[in-house]
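*Asks:* First the structure, then my questions, so here it is.
The values are calculated or read from the model by the stated rules, or taken from the named source; none is laboratory data. Everything numeric here is computed off the predicted structure, so don't read it as measured data. Ideal geometry is used to build each Cβ from the backbone, glycine not excepted, and the neighbour counts take in all protein chains shown.
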Amino acid sequence: MATLDEALAIALDLHTAGRTEEAETLYGRILDAVPDEPNALHLYGLLCAQGGRLEQAAGLLAQAVALRPGLPEYRANLATLHQARGNPAAATEEYRAALRLCPDSAALAFRLAGAARQAGQGGLAVAAYCRTTIIQPDLAEPLVQTGILLRYEGRTDEAVSALRRAVRLRPDHSEAWHHLGVALQRVKDPAALAALMHAAALLPEDDTVRLNLGRAHYDAGRWDAVAAALRSALALDPAHDGALELFAAARRKAGREEEAVTALRRLLRLRPDAANGWHALSFAEPGGLRTLHHALALQPDHRNALSGLANRLRDRREIVASLRLHDRAVRLQPASAEARWNRSLARLLAGDLAGGWEDYEARWGVADFPTKPRGLPQPLWSGEDIAGQTILLHEEQGRGDAIQFVRYAPLVTARGARVLLEAGADLLPLFRGLPGVERVFARGESLPGFDWQCPLLSLPRAFATRLETIPAAVPYLTADPARVAAWRERLSGDGFKVGLVWAGNPQFAGDRERSPGLAALAPLLAVTGCRFFGLQLGPGHDELARRAMPPSFTDLAPKIRDFADTAAIMASLDLVVSSCTAPAHLAGALGVPLWVLLSHAPDWRWLLDRADSPWYPTARLFRQPRPGDWAAVAGEAAAALAERVAARS
């Protein structure tokens, strides 16, 4: 008669040969004879698991582990069975026990990591993957999975480090390249593009890789490359809503509005319930609200649609309704910089400066904000006691912003601070005369040490500025006396002298709405008794080549070298008429009589429904009565100019 060991050996031979029914019969006989035989329990449990009888297998393996708790193989197999039965937490405990018994097993560490990941124990999973790589440093897969988990946990720098090690070990690891590219995108590393291109080459049938590659091209502003990547994604999945949305956004950026609308309409035919698609389509109907209302009907908590509708209502001057929607958007996503930034513009336009300045600080987190954070290590000054300390005030956004808010520099000096000012080189001759500013630096010059820093547009918040406390004493900038004398000599003669500016920076998103253009000023140029002087620089100056000008007009642009020249000219004029652009702020800062021609939806600093400006006492505001109606603005300004000339004569 066969011994127990011999019987087990025969059963195992049958088992491994695939003769499972015979093996099961023999395992059963052994256990009838010796119910607590651990090897038979273990092997019979494995056979039951292979046959899909997981519950029976779990009972047998649990008995084997109870009898021989020090065998890592038993525990590892029980752990695998727990995973198969959908209990990763129990699997994790068994793998941990097995690994304690066999601490140098990279395989056990790797399997523990997988179970912990399934159980939602991310920290344990990362630790186990790291242990795997310590035991066997040449394994790429644990590094890949570590990087993926770290990326999902928001530990992006650590993820990048792990994934870079993985691709060095396995240059052909497509998943590693893909996740590395996505992680690099998160930290805005330009290397993201190359990593995702590598992943796309390794994964020719993966639409998600192509979508992420499209996003990387989008972040780099390569609009045609975005389209190429997303066309590949859509060839693999024609109904991929994320790819269609991004394709539409990129085509819009490239000025291909029709292609953008076509893509969005295709998306909405496939998925009429896609709130994101309706929101994106709203950009193709700038004057309408239908698509935004539709997006919100589908998804009432769609933050971007709420902000978009709120912005439209703000532009329609429906401020109360706009602010109500902005408040909802901020409540939905309190950490959203875009939501708070959008609300800041509506609050400031409505005259709520206190709330507006607070929200305005969110601008640095807005993806498309025109000025990037300086990243200076010195703390932001927010109104603290600064006596005896040094502060750097630095320009941001446009030249007009710098001119408007540099008025605060002497007030910082009055707090007892030593003030350094940094601005664009073309502003330096103008700003060097500011009282109390120790030194003015051009952007890019090396700076001395300082204790605090503050962007110019954060100064109103630091001073808790309200409408009634705006520091509006003018002039706070002065023109160079020698230049003024020279220009007065050049411009001497009869007639009411009027400087004209008709266009802003076309790179500014709203410039088309805020700039009337030269043709719109025809009624002003027809007023007799005036001499008009063109102060227009930049692309708007090109309009002169396409229009015959009256003898009363003289173009001074070729003689203007910098803002200090413009200031000297303005000091020699009787009036400056300007659109909403930097020269308007310069005239106001100089205390020169200023008329500003404003669109129906003006920039926040001009407020609403008033003909004066609390920022510039010498300014008079002429507003469009309806969107796009520059004729009414020019007609009103021309009539006022004729009255002014008549009164003077």
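*Asks:* Can you confirm whether Glu513 is closer than 30 Å to Gly628 by Cα, in a helix (DSSP H, G or I) and at pLDDT below 95?
*Replies:* Yes.
*Asks:* For the range 487-503, state whether one or more residues are in a loop (DSSP other than H, G, I, E, B), touching a Pro at 6+ places or on another chain (Cβ under 9 Å) and closer than 29 Å to Ala634 by Cα.
*Replies:* yes
*Asks:* Ile148 passes all but one of (1) buried (at least 18 other Cβ atoms within 10 Å of the Cβ); (2) of a type in the set (A, V, I, L, M); (3) in a loop (DSSP other than H, G, I, E, B); which number fails?
*Replies:* Going through (1) buried (at least 18 other Cβ atoms within 10 Å of the Cβ); (2) of a type in the set (A, V, I, L, M); (3) in a loop (DSSP other than H, G, I, E, B) one by one, Ile148 breaks only (3).
*Asks:* Tell me which of these Leu264 doesn't satisfy, since it passes every other one: (1) in a loop (DSSP other than H, G, I, E, B); (2) closer than 20 Å to Gln299 by Cα; (3) without any contact (Cβ under 8 Å) to a residue 24 or more places away in the chain.
*Replies:* Failing condition for Leu264: (1).
*Asks:* A follow-up question, please. How many residues are at positive phi and in contact (Cβ under 8 Å) with a residue 12 or more places away in the chain if we restrict to the range 374-431?
*Replies:* 4
Residues are listed down the side, and each one gets a yes or a no for (1) free of Cβ contacts under 8 Å to residues at least 12 places away in the same chain; (2) over 19 Å from Pro558 (Cβ atoms); (3) among the aliphatic types (A, V, I, L, M):
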| residue | (1), (2), (3) |
| --- | --- |
| Ala479 | no, yes, yes |
| Ala503 | no, no, yes |
| Gly510 | no, yes, no |
| Glu513 | no, yes, no |
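*Asks:* While we're looking at this one, here's another question. Condition (residue is buried (at least 16 other Cβ atoms within 10 Å of the Cβ) and more than 27 Å from Ala113 (Cα to Cα)) applied to the range 43-60: is it met by at least one residue?
*Replies:* Checking the range 43-60: at least one residue is buried (at least 16 other Cβ atoms within 10 Å of the Cβ) and more than 27 Å from Ala113 (Cα to Cα).
*Asks:* Something else: Which helices (runs of 4 or more DSSP H) does the range 186-248 wholly contain that include 1 or more residues that are at negative phi, outside the structural domain of Phe283 (by TED's automatic domain parsing) and β-branched (Val, Ile, Thr)?
*Replies:* Result: 207-219, 223-236.
*Asks:* For Gly495, which of the numbered conditions (1) surrounded by 13 or more Cβ atoms within 10 Å (Cβ to Cβ); (2) under 30 Å from Asp352 (Cβ atoms) fails to hold?
*Replies:* Here Gly495 clears every test but (2).
Listed here are the residues, each with its yes/no results for (1) closer than 29 Å to Tyr616 by Cβ; (2) out of contact with any strand residue (DSSP E or B) (no Cβ under 8 Å at 6 or more places or on another chain).
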| position | (1), (2) |
| --- | --- |
| Trp341 | yes, yes |
| Gly351 | yes, yes |
| Pro370 | yes, yes |
| Gln378 | no, no |
| Asp385 | no, yes |
| Gln389 | no, no |
| Leu392 | yes, no |
| Ile403 | yes, yes |
| Val412 | yes, no |
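*Asks:* Look at Ala280 and say whether it is at pLDDT 85 or above, assigned to a helix (DSSP H, G or I) and not acidic (Asp, Glu).
*Replies:* Answer is no for this residue.
*Asks:* Check off (1) surrounded by 23 or more Cβ atoms within 10 Å (Cβ to Cβ); (2) within 24 Å of Leu163 (Cβ to Cβ) for Ala98 and give me the number that stays unchecked.
*Replies:* (2)
*Asks:* What are the pairs with Cβ atoms under 6 angstrom where one residue, in the range 522-542, is assigned by TED's automatic domain parsing to the domain that holds Ala639 and within 20 Å of Gly493 (Cβ to Cβ) and the other, located anywhere, is of a type in the set (Ser, Thr, Tyr) and part of a strand (DSSP E or B)? Sequence gap at least six, or different chains.
*Replies:* What qualifies is Phe533/Thr554.
*Asks:* If I filter the range 308-315 for residues that are farther than 20 Å from Arg461 by Cα, in a helix (DSSP H, G or I) and touching a residue at least 60 places away in the same chain (Cβ under 8 Å), do I get at least one hit?
*Replies:* yes
*Asks:* Another question, then. Determine whether the range 562-578 contains at least one residue that is surrounded by 20 or more Cβ atoms within 10 Å (Cβ to Cβ), among the acidic types (Asp, Glu) and touching a residue at least 12 places away in the same chain (Cβ under 8 Å).
*Replies:* yes
*Asks:* Which is exposed (fewer than 13 other Cβ atoms within 10 Å of the Cβ), under 23 Å from Tyr616 (Cα atoms), out of contact with any strand residue (DSSP E or B) (no Cβ under 8 Å at 6 or more places or on another chain) and not charged (D, E, K, R), of Pro435, Pro471?
*Replies:* It is Pro435.
*Asks:* Another one. I'd like to know if the range 333-353 contains one or more residues that are among the acidic types (Asp, Glu) and assigned by TED's automatic domain parsing to the domain that holds Phe283.
*Replies:* Within the range 333-353 (the criterion being among the acidic types (Asp, Glu) and assigned by TED's automatic domain parsing to the domain that holds Phe283), the answer is yes, since at least one residue qualifies.
*Asks:* Within the range 3-24, work out how many residues are of a type in the set (S, T, N, Q) and in a helix (DSSP H, G or I).
*Replies:* 2
*Asks:* Still on this structure, please answer the following. Evaluate the range 313-327: report whether one residue or more is in contact with a Ser or Thr (Cβ under 6 Å, 6 or more places away or on another chain) and closer than 18 Å to Ala367 by Cα.
*Replies:* No, the range 313-327 contains no residue that is in contact with a Ser or Thr (Cβ under 6 Å, 6 or more places away or on another chain) and closer than 18 Å to Ala367 by Cα.
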